[in-house]
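Okay, so here's the structure we're looking at.
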Amino acid sequence: VTLVESGGGLVQAGASLRLSCAASGGTFSSYGMAWFRQVPGNDRDLIAAINWSGSETYYVDFAKGRFIISRDSTTKMLHLQMNNLKVDDTAVYYCAASFLPEIGLRAPDFNWWGQGTQVTVSS
């Protein structure tokens, strides 16, 4: 499975961005998926996760009410809509896929990772 993120960039605080993750290979519709982010010197942190069908989602506290995870099995795409961005959201954002269909909450739950896309939020 190959995952390629896009949509990152430099924005001002309060702006919105939509990250996308294109999947190829494997069986996208059967995988649990998630978005993580990482800043230098820190661990990779979960942002949001979604199960194989999209019927269940999970958000960590900082993402609730601002970020929305979604998936489209027809196009094999995973998205993360990010609204009201804050300076603290600056990080490299990664999409991840698990051969387990349900929601995963930890980085070791995921088998495949994208290369990451940089999101920088200025004040």
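Charges were assigned to the Cβ only: +1 to each Lys and Arg, -1 to each Asp and Glu. The resulting dipole of the chain about its Cα centre is roughly 200 debye. Per residue, the accessible area of the chain comes to 49 Å², computed with a 1.4 Å probe over protein heavy atoms only. According to the calculation over all Cα-Cα pairs in the range 1-119, the P(r) per 10 Å bin from zero is 15, 52, 29, 4 %. Remark: the range 41-103 is approximated by an ellipsoid whose semi-axes, taken from the C-alpha gyration tensor as √(5λ), come to 21, 14, 11 Å, largest first. Inter-part distance, the range 16-50 to the range 79-123, computed on C-alpha centroids, equals 4 Å. Maximal additional length on extending the residue 30-residue 13 stretch stands at 2.5 nm, based on 0.36 nm per residue less the C-alpha distance. Using R0 = 35 Å, the C-beta based FRET efficiency linking residue 83 and residue 1 works out to 0.75. For a modelled paramagnetic label at residue 106, 7 Å from Cα along Cα-to-Cβ, the residues of the range 42-77 in reach, with backbone nitrogen under 16 Å, are 43-47.
The values are calculated or read from the model by the stated rules, or taken from the named source; none is laboratory data. The structure presented is a predicted model; accordingly, all values stated were derived computationally and were not measured. A quick note on method: Cβ atoms are made from the backbone with ideal geometry, for glycine too, and the neighbour counts reach across all protein chains shown. Note: areas computed on protein heavy atoms with side chains; ligands, DNA, RNA excluded. Shrake-Rupley method; radii C 1.70, N 1.55, O 1.52, S 1.80 Å.
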